[in-house]
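The values are calculated or read from the model by the stated rules, or taken from the named source; none is laboratory data. Quick caveat: nothing in here was measured; it's all calculated off a predicted structure. Here the Cβ positions follow ideal geometry from the backbone for every residue, glycine too, while neighbour counts run over all protein chains shown. Note: areas computed on protein heavy atoms with side chains; ligands, DNA, RNA excluded. Shrake-Rupley method; radii C 1.70, N 1.55, O 1.52, S 1.80 Å.
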Amino acid sequence: MDRRVFLRDTVLLLSAAPLATLAGCRGHQKAHVLSKTDEDMVGSHTAGAETWKPLIDESVGKILGRQMEIILPAGHVEGALPVKKRICFVGVENKSSEEIGDFKEQIYQQIDTIISQSDAFAPISRRYVEAGLRQSRIRPDELFVPANQRMFAAAMEQLQQPFDYLLFATITSGTTRSNKDYQRDYMLTLELVNIQTGDFDKESANLRKGYHKSAVGKLKHYGT
């Protein structure tokens, strides 16, 4: 074999080996469990845990705090435990510009969990809510029509799950662009409707988030 050809082939093989090693590493992914003190990862393209958790805590805390009136029915015996308000949480509607994926289910569960931990409120199981909607053939966004509310309430009565309030959650967003950088304002709105009187209470929480192509973009628009 020609010595020059042998040396050339050897050099090419050795130089290709590191590249093959790097290419193989691309197929591997590492992970670690976060502790309670670790900060949430900030989504680079869409909202994530860093956005939804504070919005849920603020909006639910405010609206339930205002509703902490104790219900004392006729014939209530002093010293007896107060009757909890029964809340029918019908779902989360996404009207933002983003697809929120599996966070939609998490938002529902987190709101429902906070309500269930309150001393003044008792949420109805989601399984009963979905069964009542199927039985009455009504979509959640149609429950603002009084006739539909009565039909749904009757279906829930048949399931032995009467309720006092309907709770709606809506996600919206607004986007401000500056060349390749943009700011997105997220809003989570809760609306609590008293089905007996038609009165409603409404609370929103807001969070602003900047998206940038580079660290220079962040410095340019926010100075930090």
| Can you name the condition, by its number, that Lys213 falls short on among (1) touching a helix residue (DSSP H, G or I) at 6+ places or on another chain (Cβ under 8 Å); (2) closer than 21 Å to Glu50 by Cα; (3) modelled with pLDDT under 90? | (1)
| query | Does Thr189 satisfy being in contact (Cβ under 8 Å) with a residue 60 or more places away in the chain and among the hydroxyl-bearing types (Ser, Thr, Tyr)? | reply | yes
| field | Some residue of segment 127-137 being of a type in the set (Ser, Thr, Tyr) and part of a helix (DSSP H, G or I) | value | yes
| request: State whether the residues of segment 68-80 include one that is modelled with pLDDT under 95, surrounded by 12 or more Cβ atoms within 10 Å (Cβ to Cβ), within 23 Å of the chain's Cα centre (by Cα) and outside any helix (DSSP H, G or I). | output: no
| said: Pull out all pairs, ordered by first then second residue, where Cβ-Cβ is under 7 Å, the residues are six or more apart or on different chains, the first lies in segment 152-172 and is within 22 Å of Gln110 (Cα to Cα) and open to solvent by 10 Å² or more (accessible area, probe 1.4 Å), and the second is among the small types (Gly, Ala, Ser) and part of a strand (DSSP E or B). | reply: none
